[in-house]
Structures are given as C-alpha cells and as structure tokens.
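> Would you mind keeping the following structure in view while I ask a few things?
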Amino acid sequence: MSLEILADSTISGLALGGIYALAASGLALVYGAAGVLNFAHGSLIMIGAYAAWFMFTLTGSPVASILLGFLIPFTLGVVLEKVLFSPFRKKPNETINIIFVSIAAALLLEIFSLVVFGPRRKSIPPLMTGFYNLGTFTISAQKLAIITVSIAMLLLLWIFLTRTRLGIMIRAVSQDAESAQILGVDLKRIYTIVLAIGSGMAGISGFLLGSIFLIYPKMGELQLIISIIIISMGGLGNVQGTIISSFILSLIQSLTATYLSLGWSLPIMLAAVCVIFIIRPTGIFKGRV
Amino acid sequence: MNTLQKINILAIAIFLLVNLIPFFLSDRFSIYIVSRSLLWAVVALQWALLLGHAGIYSFGNLFFFGIGGYVAGIAATQGYNPVVCFIAGSLLAMALGLGIGRLTLKLKGIYMAIFTFVIQEATRHIVQLEHLAPWTGGPVGLQNIPKIRIVGIEEMYVQYLMMLILFLVSIVVSYIVVSGKYGLLFRAMRESEDFASILGVNIHRIRLLVFSLSALFTGLAGAMFALTSGGFTDEMLLVTTSIDVLFMIIVGGMSTFYGPIAGAFLMTFITENLRAYLLGELAVVRIVIISLIIPIILKFFNRGLVGQFEFYLKERERAKSIKLTNL
C-alpha cells in the first residue's frame, strides 16, 4: 500500500518536474544568453495555457493547441525584446530597469487575460485518459503523456542548442557575448531568438499545466516563483543544471505534499534557495547553457 | 543660496502645505489620504536608500514592513502596551535586516534581487500557514488589533499624528545619514564597490548600516500601520504591493532624497482618488496605467520627477557660473 503511494507520488513528481523543467529551462535560457531575468515569464506561461485552451475549444485537437500555445508566447517574446527590453540594454541600471519593465509587462498580460477571458477558471481536457496496470501499480496515462511530451520537448531543445548553428551561436553568446560579437554573431538577433524560444517553452509548459490544473489569470505568479527557485538552484542560466534541479525540486514537492502537508512545500523550497544562495551564490551546478 | 538649500526649502514648504490639509479640510477622506501618504513616503524612502543610494538591489523591502506589522500586531493582541509593540516590531525587523545584510554581504546584482524577493515571498507563505493561524490569523490575517487611542483626540487625527511622528523621525534620521559622510559612502558603493573598497571604504560595514537603517524604519512603519489601522494581512507582502511602492520610487526618482517622498504623496493621492471614484473596474485601470507608465518613465525620465527638477536646477547654476567666469 505505502509502496503504491510512493510510486504514485513519484510519477506525479516526475510529471510536474517535466512541466517545471520546460518553464524553467526557458527562463534559464533567457537569463543565460540574453542576461534578462524575465519577470513576465510566469505570465507567458499563463498566456500559453489560455492560447492552448482557446485552440482546444475551437478545434479539439491537442496538436493544434500545443502549436498555438507555443506560437503566441513565441511572438510575445519577440515583442517583449524588441519593444521593452532592447531600449534598456547597455544603459545605466540595466539589470534593475529590465526587471521593472518585465514586471510591468507581466501585469499587463495578466490584466489582458482577465479582461478577455474573464475571472472564471478554465481547464484543458486531459491529453489521454485511462490507466496502465503494471502488476500492483497503476499509472495514469495522462501523467505518462505529460512526461513524454516534456521530455521530447527538452530533447528538441538540447538538439537545437548543441547540433544547430543557431544553437551554437546562442551558447557562444551565453559564454561571452563580446567575444561572440567579435566573431560575427549578431547579438540583437540572438537576444530576440532566445526570448522567443524561452517564451515558447513557457507556453508549452502552460499547455501541460492547463491539462492537469486550472487556468486562471494569476496562475503565472506561482509558476514564476517556482521557475526562479529552480534556476537559482541550477545556477542561473545553466540549462542542464536547471533541468536536473527541476526534477529534484518537483520530487521534493510531491513527496512533501504526500507525506507532510501541502502548505509547507513552497516555504521549504524557498528556504532551500536562500540557503543555497548563501552557501554557493552561483547555484549547485557549474557552467552555463 | 545653492541648489541643495533651494530644494530643501521648497520641500519643507510643500510639506507644510500638505500638512495644513488635515486642519482645514476636516473630512475623513483627506485626512486618510495624508496619513497614508506619510506612511508610504517612509516605506518608499527607506527602500530607495537601498535601491537608489546604496545600489543594493533589494526587491523585498516589504518583508521588513510585514515583520514589523505582524510582530507589533501579535504583541498588541496579546495585550502589550503599544510602545512595547513598536519597539518589538521595529527592533526585530532591524535584527532581521542586520541578519539578511550579514548573510548577503557578497551577493550582488540579480542574486540580491532574487534573494530578497524570495525572502518576502517565503514570509508571505509562512504567515498563511494553518499551523500559525492562532498567531498570524492564517490566510485571513490579523484582525481586531487594539488601536492606539489618545484621550480627547478623534481616531482619524490619532492616526494622522502617529504617521506624522513616524514620518518626521524617519526623515530627519535618514536626512542626517544621507547628507553626511555616510551618504557619500553609500553613493561611492553604488558607483563601484570594488573601487570604493580600494579607497578604504569598509563596504561590509556600510552595507550593514544601510540595511539596518532601512529595516528599522520600514519595520516601524509596519508596526505603526498595524496599530493604527487595526488589521494586518498578507496583502502587505504581495508582489503587487511591492510594485505600488516601487512605482512611487521610480516616479519620484530613486537616487534623490525627496524623490520617493514626492512620489509617495503623488501616487497615494492619485490612486486613493481613483479608488474612491472609479469603483469596481478600478483595479484594472490602475494597473494598466501603472504598467504602461513604468517603461516610459524609465526610458525618458530615468531621473524621476524630482531628479529631473534637481538636474535642471543644477544645470542652470552651472550655466550661470560658466557665464560669470567668462566675464
């Protein structure tokens, strides 16, 4: 009995970890390569979830909704970079100004979805229904589908970053922007692409979140905080570290929720971040992107 | 008379004018606005000491406000004397400020921003926990804190007077610190920590000083808020409340002394009036306005209103002195 509960909460943790990893690796990519701590990331997750929900109610096809859930945050990422972030680059107080501006963007997106979609909570129907029986264990197909989709997306990201010309350019920029520029990398273009891809990842994680939890205008706040916790643990801007720490964190979260109490999981995670920052200000994992 | 003196005299004149309001317009609403403005002016000023003067990217200064408010509120509901509550709230906030300052001596830039943001968020979740509900009231917050009463004075005037005392004490102490030697050291640290420490500035001591000062008065403001309004909820620790205060700081100009104060008075006046006359839909309108104005101010008036004014005065003075030397 207790073994089944353990297995079940582990599977839930892994599914949640996949979702977190998608969102947080987007944020880590943006911070690592574009040097922006994007406080609008949570709102992009929420926008992705709403876009996917909209497409799903329109067509009923999960593939179409995942596409729209990716594309709308993707274009929003381009707009964010071009309109809001680029004017503050290479100016005094760059870090803090961009944080302020991204908070403003987050508020605007929240208000937009509140006005357009209303305060009522929406949900995307599960991707797959039913259970698989493995002897005494039962695994819900929905969680397996989420794990599969998120791992597939993370693999795509990994292939993009290591095997394509553009991905290698992004990694070069994240290691040393000036040297990359000397070697002929167009920084502005890379920043725009990175923001677009990071936001698109946020959108997909929003779609997956929407299929297990409810969608509402303020859902992004919690996701933003969780993503920030994860990228701080993974060493800001380090994508591999981020993915590993998001699975660690989600397992801790689902196990605390099962065995302790739901209320404690977030404070414990936040306290863990503070301790990590004090002991190792650069996160647990070394290296970037 | 130099620019600094001119600005000081102007600020005092405006301050006196604003504080005439409670004596002439004796309606509840205007007194409420003035006392709230005084409160937020203190919070914004203390935050700007960290952000604008010392260049420490604190993103969770309301943590100290929350600690002050919750500690004083809990102490007051246990039946302690208000003076004890104030001392407990502000000193605990200061101790935590020293602690945070001590732990984060080496954190810079974005790490500092995340650390402080996370601390405030964690506190917000902790006070909401069911286990702590007997003390903090859980998600409902502290209700029915015994309010401060002074015999013979109406409640709204008591609130105003307490805020005025808080404001005057905090502003005088901060002015002495900022305009003196330490203010110079703060600004040296903001411009470049490494360079300042090469020149012999004890960066660690300065950081601890600015943190404890900011925490002390923010905590006192929280305690004052809890004991004069009679309630304290986790709303004060929300990110949106932080954004309201940050917006005051940005509008006024975060590197100037009077900027955050002016911003607090201006924004409190505008938002409280909006809240009174635009019912229901207000939250949306206000947030849309704020979020549209933030990028514009940061891009085109990044000194803020007061900063821009000071800059104008200084430029004029400089132009005059150049003309004089050319004669």
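The values are calculated or read from the model by the stated rules, or taken from the named source; none is laboratory data. Since the model is a prediction, treat every value here as computed from it, not as a measurement. With ideal geometry, Cβ positions are generated from the backbone for all residues, glycine too; neighbour counts draw on all protein chains shown. Note: areas computed on protein heavy atoms with side chains; ligands, DNA, RNA excluded. Shrake-Rupley method; radii C 1.70, N 1.55, O 1.52, S 1.80 Å.
> Counting each DSSP H run of 4 or more residues in the protein assembly as shown as -39500 (n - 2.57), what helix-only mean residue ellipticity at 222 nm follows after dividing by all residues, to the nearest 500 deg cm²/dmol?
It comes out at -25500 deg cm²/dmol, rounded to the nearest 500.
> Moving on to the next point. Working only with C-alpha atoms, what are the Rg and Dmax values of region B:167-243, expressed in angstrom?
That works out to 16.0, 49 Å for Rg and Dmax.
> Next question, about the same structure. Considering all projection directions equally, how large on average is the shadow of the alpha-carbon convex hull of region B:227-312, in square nanometres?
6.7 nm²
> What is the average number of partner chain Cβ atoms found within 10 Å of a Cβ in B:103-110?
4
> State which helices in chain A qualify, where a helix is a whole DSSP H run, it must extend 20 Å or more along its own axis by its Cα atoms, and its mean Kyte-Doolittle hydropathy must be at least 1.6.
What comes out of the filter, once short or polar helices are dropped, is A:62-79, A:94-117, A:141-163, A:219-233, A:262-279.
> State the Cα centre-to-centre distance between region A:1-65 and region B:119-195 in whole Å.
38 Å
> At a probe size of 1.4 Å, how large is the accessible area of residue B:233, to the nearest 10 Å²?
40 Å²
> Also, I was wondering about something else. If you project the alpha carbons of region B:95-195 onto the principal axes, what extent comes out on each, in Å, largest first?
Reported extents, whole Å, longest axis first: 55, 39, 18.
> Send over the per residue convex hull volume for region B:129-184, Cα only, as a whole number of Å³.
143 Å³
> When the scattering of region B:1-132 is computed by the Debye formula from its Cα atoms alone, each counted once and equally, what is log10 I(q)/I(0) at q = 0.15, 0.18 Å⁻¹?
Rounded to two decimals, the profile gives -0.95, -1.12.
> Where the centroid of each part is defined by its Cα atoms, how far is region A:213-231 from region B:301-327 in Å?
46 Å
> Distance between the C-alpha centers of region B:91-114 and region A:72-142? Whole Å please.
30 Å
> Compute the length gained on full extension between residue B:13 and residue B:296: take 0.36 nm times their separation in residues and subtract their Cα-Cα distance, giving the result in nm to one decimal.
Once the chain is fully extended between residue B:13 and residue B:296, it gains 98.9 nm.
> Shifting gears a bit: Which value, in Å to one decimal place, does the Kirkwood hydrodynamic radius take for chain A when every pair of different Cα atoms is included?
19.2 Å
> Place the peptides A:27-36, A:235-244, B:136-145 in order of packing, highest mean first, counting for every residue the other Cβ atoms within 10 Å and averaging per peptide.
Highest mean packing first, the order is A:27-36, A:235-244, B:136-145.
> Can you tell me, using C-alpha contacts under 8 Å and at least 6 residues apart, the relative contact order of region B:153-232 as a whole percent?
Averaging sequence separation for qualifying contacts and normalising by length gives 39 percent for region B:153-232.
> Hey, rough spin-label estimate for residue A:75 and residue B:6, points 7 angstrom out along Cα→Cβ, what's it come to in nanometres?
Label-label distance for residue A:75 and residue B:6, simple model: 5.1 nm.
> Have a look at B:237, B:262, B:295 and report the one farthest towards the positive end of the charge dipole of region B:190-296, computed about the Cα centre with Cβ charges (Lys/Arg +1, Asp/Glu -1).
Toward the positive end, the furthest listed residue is B:262.
> I've got another one for you. For region B:82-147, report the accessible area per residue in Å² (1.4 Å probe, heavy atoms, rounded to an integer).
45 Å²
> So if we plug the beta-carbon distance of residue A:58 and residue B:320 into 1/(1 + (r/R0)^6) with R0 = 56 Å, what FRET efficiency do we get, rounded to 0.05?
After rounding, the FRET efficiency stands at 0.25.
> Let me spell out the model: positive unit charges on the Cβ of Lys and Arg, negative unit charges on the Cβ of Asp and Glu, origin at the Cα centre of region B:90-216. What dipole size does that give, in debye rounded to 20?
380 debye
> Just to confirm the number: angle between the C-alpha axis of helix B:239-252 and the first principal axis of chain B, 0 to 90 degrees, nearest 10?
Between the helix axis and the principal axis of chain B, the angle is about 30 degrees.
> What's the magnitude of the charge dipole for the protein assembly as shown around its Cα centre, counting Lys and Arg as +1 and Asp and Glu as -1 at the beta-carbon? Answer in Debye, nearest 20.
Using only the charged Cβ atoms, the result is roughly 1380 debye.
> Relative to 2.2 N^0.38 Å, what does the C-alpha radius of gyration of region A:188-228 come to as a ratio? Two decimals please.
It is 1.34.
> Taking N as the number of residues in chain B, what value does Rg over Cα atoms divided by 2.2 N^0.38 Å take?
Expressed relative to 2.2 N^0.38 Å, the Cα Rg reads 1.02.
> Regarding the protein assembly as shown, what's the average projected area of the Cα-atom convex hull, expressed in nm²?
Projected area, direction-averaged: 32.2 nm².
> Just to be sure I follow: if Rg is taken over the C-alpha atoms of region B:50-127 and Rh is the Kirkwood radius over the same atoms, what is Rg/Rh?
That ratio is 1.04, to two decimals.
> I've got another one for you. Restricting everything to alpha-carbon atoms, can you work out Rg to Rh for region A:15-145 with a Kirkwood hydrodynamic radius?
1.07
> Please return the longest stretch of chain B lacking exposed loop sites, where GluC sites (Glu not before Pro) count only if DSSP places them in a loop and at most 15 other Cβ atoms lie within 10 Å.
Value returned for the longest uninterrupted segment is B:1-153.
> Continuing with the same structure: Using a 1.4 angstrom probe on heavy atoms only, work out the carbon and sulfur share of the accessible area of chain B in %.
The value for chain B is 69 percent carbon and sulfur by accessible area.
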